[in-house]
């Protein structure tokens, strides 16, 4: 299993635990010159849960991603897309 798939599965698992509408979760990864960009989309009603009070939840998720980056020697970046 590639590192990118591991990171996508990890983020998907975390989001399924946080969000109430698991069917609306989309996690995609794309490589660019800086590293791998992981793009996350959740339902509108789950945005508050994902971001958390004062951004603590999304900050914690980004910290976990940075730990995974260091572990696998690959740079990951997390971006949250606005739900439409």
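Quick notes
- When 35, 23, 48, 55 are checked against the criterion of being at pLDDT below 95, exposed (fewer than 15 other Cβ atoms within 10 Å of the Cβ) and in contact with a helix residue (DSSP H, G or I) (Cβ under 8 Å, 6 or more places away or on another chain), a single residue qualifies: 35.
- Sub-8 Å Cβ pairs linking a first residue in segment 47-69 that is over 17 Å from residue 27 (Cβ atoms) to a second residue that is part of a helix (DSSP H, G or I), at least 6 apart or interchain, are 52/58; 52/59; 52/60, ordered by first then second residue.
- Residue 9 being touching a residue at least 40 places away in the same chain (Cβ under 8 Å) and surrounded by fewer than 16 Cβ atoms within 10 Å (Cβ to Cβ): no
- Look at (1) modelled with pLDDT under 95; (2) under 16 Å from residue 78 (Cβ atoms) and you find that residue 60 fails only one, number (1).
- Scanning segment 6-45 for residues being over 17 Å from residue 81 (Cα atoms), in a helix (DSSP H, G or I) and in contact with a strand residue (DSSP E or B) (Cβ under 8 Å, 6 or more places away or on another chain) gives a total of 1.
The values are calculated or read from the model by the stated rules, or taken from the named source; none is laboratory data. Keep in mind the model is a prediction, meaning the values are calculated, not measured. Methodologically, a virtual Cβ is constructed for each residue, glycine included, from the backbone with ideal geometry; neighbour enumeration extends over all protein chains shown.
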